[in-house]
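Enquirer: Supplied in structure tokens, the structure appears directly below.
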Amino acid sequence: MFGERRKSPRYTINRIAKFYGENGSLPRDCTITDISETGARLFASGDDIPDQFVLLITGDKTTREECRVAWRLGGEVGVEFVTKERELRRAELVNRLRAETKQSLVKAS
């Protein structure tokens, strides 16, 4: 009845990241539970995620994404990435994170 409405597919990654507000606040931890080229779902226990913030995603390379909250549900937050000119690099990031997640799952089994 209600088909998929997302602009791009999401991929489960369950990766620790950091976020901080534009006001210069200290970075705080969160978990990216899934990600796409246009946004992500985050979980931050007890932390008040601001309406607009910067998300730091670490790995082989650290990526900085400006985000805007699209929805909130308890400790979960859906965000959209604001920086449109970074879409190509973001697509590469999503593919790299998916590959890293697959590799860690293979090693664990």
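Enquirer: Return 43, 53, 81 ranked ascending by Cβ neighbour count within 10 Å, so the fewest neighbours appear first.
Expert: Values: 43 15, 53 24, 81 19.
With the sparsest Cβ surroundings first, the list reads 43, 81, 53.
Enquirer: Past the 26 angstrom mark, what percentage of all C-alpha to C-alpha distances in the chain do you count? Display every interim value, and only then the final one.
Expert: Numbers: 944 of 5886 pairs.
Considering the chain, 16 percent of its Cα-Cα pairs are separated by more than 26 Å.
Enquirer: What does the helix-only formula give at 222 nm for the chain: each DSSP H stretch with n ≥ 4 adding -39500 (n - 2.57), the total divided by the residues, and the result rounded to the nearest 500 deg cm²/dmol? Mind dumping the intermediate values first?
Expert: Values: 1 runs with 22 residues, N = 109.
For the chain, the value works out to -7000 deg cm²/dmol.
Enquirer: From Cα pairs below 8 angstrom and at least 6 apart in sequence, can you work out the relative contact order of region 11-108, rounded to a whole percent? It would help to have the intermediate numbers written out before the result.
Expert: Details: 173 pairs, mean separation 23.4, N = 98.
With pairs under 8 Å counted, the relative contact order is 24 percent.
Enquirer: Among 59, 74, 21, which one shows the biggest mean-square fluctuation in a GNM of the chain, springs joining Cα atoms closer than 10 Å?
Expert: Greatest mean-square fluctuation among the candidates belongs to 74.
Enquirer: Would you mind getting me the FRET efficiency between residue 48 and residue 101? Use the beta-carbon distance for r and R0 = 25 Å, nearest 0.05.
Expert: Working: r = 28 Å, r/R0 = 1.12.
That gives a FRET efficiency of 0.35.
Read-outs: derived from the displayed coordinates by stated rules, not from any lab. Only a predicted model underlies this, so the values are computations on that prediction, with no experimental measurement involved. Neighbour counts run over all protein chains shown; Cβ positions are idealised from the backbone, glycine included.
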